Amino acid sequence: MRKAGLIAAIFLANAGIMLAGASPQPASVSKDKPLTLAMAPQQGARRTLVVPAQTEADIQLLSGIHSQVSHVGDPVTAQLLEPVYVDGQVALPAGTLIDGSVTRVRSAGRMRRGGEMVVRFERVTLPDGQNTPLSAILTDLDAPPKTNTRLDAEGFLKGTRTMPWKRLAGGMAGLGAFSLIGAQLAGAAALGASLPVGGGALIGYSFLWNKGNEVHVPPDTQMKIRLRNALTIRVAW
């Protein structure tokens, strides 16, 4: 009987130890310092940045274009010269590639009409390989004067005319006055008739048959673009 009681006591003691070990211990929380959980960004986590529409950026052309050589659809590549920031963080770092294409091209024509080209930028590729569509137009051009190329308010690249209209009109007026004086001095009607006609034909031929300047934008030319739509980029924390 005594032996049976001893065994029962040992069994109850072991059961109490097991129950005590299985019971969860309550966390001790200080009343002065409430329990807080620190959530640190995981390694490789990214956040989204939105570059607003109408943002302007400086770029440098990597592939040259020419209105007598380029065709519609030809690729055009440039790179970002200065980083673009959003909320104090770099959204587009320097060196980001800006890809586009030629959407319109017209070679220089008669009557001293200059060439014309339109370039639209359609994709951005970051140094980390991330790429996303964009829509951007040219707003400024720093082309060397010898290229005879300008940018109009609509973002069209245009070759300059070889002779301005004012100079042409002034030349024709001057030639007509010279012919009239010559006719009065010579006193011959034939001379008065021949000089205006001959001089007018000479200027007319020069104006009608000579072409204007082609659009020529060599590599390394600096430009400025403006985003037409907002651009969403995912960057590392």
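Could you check region 64-126 for strands (runs of 3 or more DSSP E) lying wholly inside it with 3 or more residues that are β-branched (V, I, T)?
Working: elements: 75-80, 84-86, 89-92, 97-106, 116-125.
Qualifying strands (runs of 3 or more DSSP E): 97-106, 116-125.
Pick out the one residue from D74, D99, D32, D87 that is more than 20 Å from N131 (Cβ to Cβ) and at pLDDT 55 or above.
Result: D87 is the single residue among D74, D99, D32, D87 that is more than 20 Å from N131 (Cβ to Cβ) and at pLDDT 55 or above.
Please specify each residue of region 100-136 satisfying the condition of being hydrophobic (A, V, I, L, M, F, W, C) and surrounded by 17 or more Cβ atoms within 10 Å (Cβ to Cβ).
Quick first cut of region 100-136, residues hydrophobic (A, V, I, L, M, F, W, C) only: 102, 105, 108, 111, 117-119, 121, 124, 126, 134, 136.
Correct list: V102, V105, A108, M117, V118, V119, F121, V124, L126, L134, A136.
The values are calculated or read from the model by the stated rules, or taken from the named source; none is laboratory data. Bear in mind that the values here come from a model prediction, so they are computed numbers and not experimental data. FYI the Cβ positions are ideal-geometry reconstructions off the backbone, even for glycines, and counts take in every protein chain you see.
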